[in-house]
Amino acid sequence: MKKELVNNKVTIIGAGLVGSTTAFALMAGGTVSEIAMIDLDKKRLAGEVMDLNHGISFVPPVNIYEGSYEDCADSNIVIVTAGVGQRPGETRIDLLKRNIEVFKQIVPRIVENNKECIILVVTNPVDILTYATLKISGLPDNQVIGSGTVLDSARLKYLLSANCNIASQNVDAYIIGEHGDTELPAWSLTNIAGTPIENFCQFCRGNCRPEHKERIFEEAKNSAYKIIEGKGATYYAVALAVRRIVEAILRNDNSILPVSSIMKGYYGVEDVCLSLPSIVNDKGIERVLELPLSDKEIELFRHSANTLKESLREIGF
Ligand code: NAD
């Protein structure tokens with residue numbers, strides 16, 4: 001039998017909480033053989049790389065080191081988690097403008113080293129920065145992906161499964177649109193054990209009212225705020241969401257994931273990056289699926305797109 005060897009490299013730009021936890025998730029999962037990490041903060045970078053390396057004897061072989069932009073050259077995927085935080089009193093748009101400046105420094109340096117890699121954007125606001133990355137890089141549309149609503153959908157799956165007292169793996173649910181305030185649950189695509197969510201209630205024995213699912217969605221949508229209130233940042237679940245996307249790319253497995261990519265007329269929406277269930281493989285985005293949504297869902301999806309387009313206009317894109 002053919003033995004599958006893992007010989008894959010990723011470069012992670014931004015070794016903060018999300019970047020370092022992503023490296024940890026990739027290393028713990030044996031997902032890659034090489035992780036180069038880049039950060040402006042050299043002291044923090046050295047500390048994170050050292051800490052990660054001290055766990056190496058407990059995981060499958062992996063090489064983790066302080067890298068440079070030249071490492072992008074032989075990386076299959078470049079993951080961008082670098083960003084600046086909000087200053088006291090700073091508006092959302094001013095913060096966004098500063099993060100666009102960060103991306104104007106980073107993205108050209110990735111592309112001058114590698115035009116074949118897939119760039120996976122995680123920094124927020126992820127949809128706007130995915131769009132900016134696509135425009136700045138000039139890479140083909142399929143090679144620029146945002147982590148999108150993969151995390152949000154996982155939160156919804158978890159909360160639905162906890163509500164119905166079943167395993168999260170048995171819930172198929174998608175949050176689509178913006179990763180943020182205008183995101184929406186695609187209830188039309190949500191099922192448990194192949195049964196549409198509405199019909200599952202009779203088997204659940206939870207005796208909840210049908211509208212209870214809207215409250216569950218609101219909880220999923222607002223959970224980042226709650227986590228940040230509790231511990232200052234979110235990083236474990238997003239790191240696992242990023243690992244799931246990396247696996248889909250490296251294993252070329254055609255996974256369907258709600259990642260962010262450029263819209264090309266889906267539900268009448270174009271020229272903005274948003275999340276829809278998409279086939280992900282070694283090409284990056286193989287295809288975005290325009291699955292049957294209800295009229296209300298389509299309306300909310302278009303509203304999400306218009307809100308993001310407004311932000312793009314405000315920052316001059
Ligand atoms: P952090 O402040 O801990 O890390 C950011 C790192 O970026 C810092 O180490 C900083 O030195 C580095 N950096 C800044 N500018 C740089 C540059 N030009 N080149 C290289 N490195 C640079 O922040 P964090 O908690 O790791 O969060 C990172 C980003 O991820 C934030 O934008 C956050 O909102 C986002 N995030 C996204 C999701 C998602 O689902 N998409 C979830 C959680 C967090």
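Calculated on C-alpha atoms, the gyration radius of the range 1-142 divided by its Kirkwood radius gives an Rg/Rh of 1.00.
Quick check on the exposure proxy: order 315, 12 from fewest to most C-beta atoms within 10 angstrom. Intermediate values should be presented prior to the final figure.
Working: 315 14, 12 30.
The most exposed by this proxy come first: 315, 12.
From the alpha carbon centroid of the range 34-110 to that of the range 197-250 is 27 Å. For 301, 317, the sequence from fewest to most other C-beta atoms within 10 Å is 317, 301.
Dipole magnitude of the range 9-146 about its Cα centre, charges +1 at Lys/Arg Cβ and -1 at Asp/Glu Cβ only, in debye to the nearest 20? Please list the in-between numbers first.
Details: 12 positive and 16 negative charges, 77 e Å.
Approximately 380 debye in magnitude.
Using θ = phi - 60° in the Karplus curve 6.51 cos²θ - 1.76 cosθ + 1.60, the 3J(HN,Hα) couplings for the range 228-243 round to 5, 4, x, 9, x, 6, 10, 8, 5, 5, 5, 4, 6, 5, 5, 4 Hz; x is entered for Gly and Pro. Taking only the C-alpha atoms of the range 150-314, the Rg (one decimal) and the largest Cα-Cα distance, Dmax (whole number), read 16.0, 49 Å.
Over all pairs of different C-alpha atoms, the range 253-317 has a mean inverse distance whose reciprocal, the Kirkwood radius, equals 12.5 Å.
Phi angles across the range 8-13 convert, under the Karplus curve 6.51 cos²θ - 1.76 cosθ + 1.60 with θ = phi - 60°, into 3J(HN,Hα) values of 9, 10, 10, 10, 10, 9 Hz, Gly and Pro given as x. Here's how it looks for residue 289: its modeled amide H is under 5 Å from those of 278, 279, which are all 5 or more places away or on a different chain.
Do any GluC sites (Glu not before Pro) in the range 63-161 lie in a loop, going by DSSP, with at most 12 other beta-carbon atoms within 10 Å of their beta carbon, and if so which? All intermediate terms of the calculation are to be shown ahead of the outcome.
Details: sites: 66, 70, 90, 101, 112, 116; in loops: 90, 116.
Hits after loop and neighbour filter: 116.
Across all Cα pairs in the range 212-296, the calculated P(r) in 5 Å bins from zero up to the longest distance comes to 3, 12, 16, 18, 18, 18, 11, 3 percent per bin.
Among 117, 164, 204, a tally of other beta-carbon atoms within 10 Å of each Cβ gives an order, fewest to most, of 204, 164, 117. Taking a quarter of the surface of the Cα convex hull of the chain gives a mean projected area of 17.5 nm². Couplings for the range 136-149, taken from phi via the Karplus curve 6.51 cos²θ - 1.76 cosθ + 1.60 with θ = phi - 60°, read 5, 6, x, 6, x, 3, 5, 8, 10, 10, x, 5, x, 9 Hz in order; Gly and Pro are left as x. Restriction of the GluC sites (Glu not before Pro) in the range 201-291 to DSSP coil positions whose beta-carbon has at most 16 other beta-carbons within 10 angstrom yields 211, 290. Residues considered: 93, 136, 145. Largest GNM mean-square fluctuation over the chain, using C-alpha springs under 10 Å, is found at 93. When shorter helices are ignored and each DSSP H run of at least 4 residues is given -39500 (n - 2.57), the per-residue value for the chain at 222 nm works out to -14000 deg cm²/dmol. The relative contact order of the range 9-146, computed from alpha carbon pairs under 8 Å that lie at least 6 residues apart in sequence, is 24 percent.
Can you run the Rg to Rh ratio on the range 154-210? Use alpha carbon positions and the Kirkwood inverse-distance Rh.
Details: Rg = 11.4 Å, Rh = 11.7 Å.
Rounded to two decimals, Rg over Rh is 0.97.
Each Lys or Arg adds one and each Asp or Glu subtracts one; over the other residues with Cβ under 14 Å from the Cβ of residue 39, this totals -1. Note that the range 100-241 shows a convex hull volume over its alpha carbon atoms of 132 Å³ per residue.
Before anything else, pin down the relative contact order of the chain: Cα pairs under 8 Å, at least 6 apart, normalised by residue count, whole percent. Mind showing how you got there, number by number?
Details: 575 pairs, mean separation 55.3, N = 317.
Relative contact order for the chain comes out at 17 percent.
Between the helical axis of 42-53 and the longest alpha-carbon principal axis of the chain there is an angle of about 70 degrees. Highest GNM mean-square fluctuation among 268, 14, 29, for the chain modelled with Cα contacts below 10 Å: 268.
Coordinate-derived values only; no laboratory data. Treat the numbers as computed from the prediction; the structure is a model and nothing was measured. No Cβ is skipped: glycine too gets one built from the backbone with ideal geometry, and neighbour counts run over all protein chains shown.
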